[in-house]
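K.L.:
My structure is below; once you've seen it, I'll send some questions.
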Amino acid sequence: MAGLKIAVIGGGSSYTPEIIEGFINRHHELPVKEIHLVDIPEGMWKLEIVGALAKRMVARAGVDIEIVLTTNRRAAIEKADFVTTQFRVGGLAARAKDERIPLKYDVLGQETTGPGGFAKAMRTIPVILEICNDIEELAPNAWLINFTNPAGLITEVVQKYTNVKVIGLCNVPIGMVKMVANILEVESKRVKIDFVGLNHLVWGSKVLVDGEDVTQIVLNKLSDGAALTMKNIPDLKWDSEFLNSLGMLPCPYHRYFYMMEDMVKDQQKAIEEGGKGTRAEQVLEVEKGLFEVYKDDTLQEKPQQLEKRGGAYYSDAAVSLISAIHNNKKQLHVVNVKNNGTIIGLPKDVVIEVTAVVDKTGAHPIQVGEISPKIYGLIQGVKAFEELTVEAGVKGDYQMALQAMAVHPLVPSVTVAKKLLDDILIENKEYLPQFQSKIQELI
Ligand code: G6P
């Protein structure tokens, strides 16, 4: 059988060695022949550095994979079997604005949660739609594995507005499994978590080790201060009474909702004179160091320093998912897929994050049914925000955008919603073709 062609959109990302490592490790079961790393001309210098490392990694591993570095997205997509997306429109500079603008109004400043996630979605939607146009035309059978944030929301855009076969993916669920394994001091393959919710708003409704329910044991450990977070989220400790009455495992991102005031304070402290800056500003520094390391032409594997980023285990998640599709494995993966009645109380056509059986026809979510009122309010509130954001971003509809912002659980009032929205539109004007006439009115 002919080897597979993979196109990685946003190939110049400092995360690329992660995904290359994943393809190398699974080459015995996933016959990848070509990996096309695509970036925009402004990102070419990064692509050249990280691409050269990718070539050295492949050579060192002795696998027959051709690495192609290109700015020609259409050529990369043409006849691809899998397209993965890991791009960030506007780069880290735009992310820093997403983080700083809300803090002016004492609202959480985060790249995927709250108004920051809204801004990132607005910039990403026009681009993901162009990419999907290319896939429909040049690789209609390809699977799109979307990792671009806000991952659930962007997957919903593709699901609702294109004919592309898409599965959204995040490293949080796999990261939680590894962290729980660490806390319990067992091998991660013995741990299974039933996940339910939305991307970056997912709960572990049950934690099992070798099939035995250990949810309460994990909650006790968390109450005692065990760490369960990602590199990009401060490890604020959980209230034990709250955890016990919740009876479920929150994800690291839940701190933004359940500990909103403390998280905002933490962020505001970081941007004070002499503080460490927003996460994007910290990542800029980490990236500088990473690209220096990548330049070393004796380096032939993914360097340790990449662990300073929040996206750990991304390659595991992405490549094992691709392998499950290609090899028709009927394996369980936690993915972002169309609800289709899986969670009762949400529309059929929205995207949720749940455990699904993955085979060559796609991801088939395992039925969840009714969910507890402890979590459905938050899920429905954030999902309403996401639905409105999707529509606003695709249509360039200001009224819809205002409704999205106003309904978000982390936005306190319509007055603040409006200020945030106008600031976001003005600050992102070069990336928002869909809002140009409104932006002209505003400036
Ligand atoms: C987490 C999230 C990813 C996000 C990453 C950011 O792992 O799940 O969606 O992209 O963190 O990490 P960074 O190092 O860029 O702050």
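FYI, it's all coordinate maths here, none of it is from the lab. Values in this document were obtained by computation on a predicted structure and should not be read as measured data. As a convention, Cβ positions derive from the backbone with ideal geometry for all residues, glycine included, and neighbour counts pool all protein chains shown.
K.L.:
Considering the dipole of the stretch 4-168 built from charges on the beta carbon (Lys and Arg +1, Asp and Glu -1) around the Cα centre, which of V83, Y15, I128 is farthest to its positive end?
P.N.:
Value computed over the given set: Y15.
K.L.:
So for the stretch 255-366, what percent of the C-alpha to C-alpha distances run longer than 22 Å? Write down the numbers at each step before the final one.
P.N.:
Numbers: 3754 of 6216 pairs.
Here the long-distance tail beyond 22 Å is 60 percent of all Cα pairs in the stretch 255-366.
K.L.:
Can you find, among L284, F257, V158, the residue sitting farthest towards the positive end of the charge dipole of the chain, where Lys and Arg contribute +1 and Asp and Glu -1 at Cβ?
P.N.:
Positive-end residue among those listed: V158.
K.L.:
To the nearest 0.05, how large is the calculated FRET efficiency for K360 and L442 if R₀ is 45 Å and r is the Cβ-Cβ distance?
P.N.:
0.40
K.L.:
Per DSSP H run of n ≥ 4, the term is -39500 (n - 2.57); total these for the chain, divide by its residue number, and report the mean residue ellipticity at 222 nm rounded to 500 deg cm²/dmol.
P.N.:
Taking each H run of at least 4 residues, the total per residue is -14500 deg cm²/dmol.
K.L.:
Now a separate question. Place a +1 charge on the Cβ of each Lys and Arg in the stretch 4-168 and a -1 charge on the Cβ of each Asp and Glu, then give the dipole magnitude about the Cα centre in debye, rounded to the nearest 20.
P.N.:
260 debye
K.L.:
Right, something else. How far apart, in nanometres, would the label points at E430 and K33 be if each is projected 7 angstrom from Cα along the Cα-to-Cβ direction?
P.N.:
4.0 nm
K.L.:
Quick one: dipole size for the stretch 323-443, taken about the Cα centre, charges +1 on Lys/Arg Cβ and -1 on Asp/Glu Cβ, in debye to the nearest 20.
P.N.:
Rounded to the nearest 20 debye, it is 400 debye.
K.L.:
Compute the Rg/Rh shape ratio of the stretch 4-168: radius of gyration over Kirkwood radius, all on alpha-carbon atoms.
P.N.:
1.00
K.L.:
Please go through the stretch 307-365 and write out the trypsin sites (Lys or Arg not before Pro) that DSSP classes as loop and that have at most 16 other C-beta atoms within 10 Å.
P.N.:
Here the sparse-neighbourhood loop sites are K330, K348, K360.
K.L.:
Within the stretch 137-245, list the chymotrypsin sites (Phe, Trp or Tyr not before Pro) lying in a DSSP loop whose Cβ has at most 11 other Cβ atoms in a 10 Å radius.
P.N.:
Details: sites: W143, F147, Y161, F195, W203, W238, F242; in loops: F147, W238.
Here no chymotrypsin sites (Phe, Trp or Tyr not before Pro) fit, given the DSSP loop and packing criteria.
K.L.:
Let me ask something else. Quickly work out the K265-to-W45 label distance, labels modelled 7 Å from Cα along the C-beta direction, and quote it in nm with one decimal.
P.N.:
Placing both labels 7 Å along Cα→Cβ, they lie 4.1 nm apart.
K.L.:
Also, I was wondering about something else. Given +1 on the Cβ of Lys and Arg, -1 on the Cβ of Asp and Glu, and no further charges, what dipole in debye does the chain carry about its Cα centre, rounded to the nearest 20?
P.N.:
My answer is approximately 360 debye.
K.L.:
Next question, about the same structure. Once you have the Cα-Cα distance between E212 and A59, take 0.36 nm times their residue separation minus that, and quote the gain in nm to one decimal.
P.N.:
Between E212 and A59, full extension yields 50.7 nm more.
K.L.:
Among the listed pairs K189/K329; K120/K338; K104/K276; K383/K419; K97/K288; K46/K160, which are separated by more than 28 Å between their Cα atoms?
P.N.:
Result: K46/K160 exceed 28 Å.
K.L.:
Under a straight-distance cross-link criterion of Cα-Cα below 19 Å, which lysines are reachable from K221, leaving out those fewer than 8 residues away in the same chain?
P.N.:
K178, K192, K206, K237
K.L.:
Can you give the net charge of the other residues whose Cβ lies under 15 Å from the Cβ of Q305, counting K and R as +1 and D and E as -1?
P.N.:
Local net charge: -2.
K.L.:
Moving on. Counting every Cα pair in the stretch 1-68, what percent are over 17 Å apart? Walk me through the numbers before you get to the answer.
P.N.:
Working: 765 of 2278 pairs.
In whole percent, the long-distance tail amounts to 34.
K.L.:
Something else about it: Count neighbours as other Cβ atoms within 10 Å of each site's Cβ, and list the GluC sites (Glu not before Pro) in the stretch 352-403 that are DSSP loop with at most 10 such neighbours.
P.N.:
Those satisfying the criteria are E370.
K.L.:
Using θ = phi - 60° and the Karplus form 6.51 cos²θ - 1.76 cosθ + 1.60, what ³J(HN,Hα) does each residue of the stretch 428-443 get, whole Hz, x for Gly and Pro?
P.N.:
So the J values, rounded to whole Hz, are 10, 4, 6, 10, 10, x, 6, 10, 4, 5, 5, 4, 4, 5, 6, 9.
K.L.:
Okay, moving on. If you scale each eigenvalue of the Cα gyration tensor by 5 and take the root, what three semi-axes come out for the chain, rounded to whole angstrom and sorted largest first?
P.N.:
They are 30, 27, 23 Å, listed largest first.
K.L.:
I need the helices of the chain that pass two filters: whole DSSP H segments spanning 20 Å or more by Cα along the axis, and mean Kyte-Doolittle score no lower than -0.5.
P.N.:
Values: long enough: 44-61 (25 Å, 0.55); 115-138 (34 Å, 0.42); 279-295 (24 Å, -0.39); 373-395 (34 Å, 0.22).
Helices passing the filter in the chain: 44-61, 115-138, 279-295, 373-395.
K.L.:
Still on this structure, I have one more. In µm²/s, what is D for the stretch 302-428 at 4 °C and 1.567 mPa s, where D = kT/(6 pi eta Rh) by Stokes-Einstein and Rh is the Kirkwood radius from Cα pairs?
P.N.:
75 µm²/s
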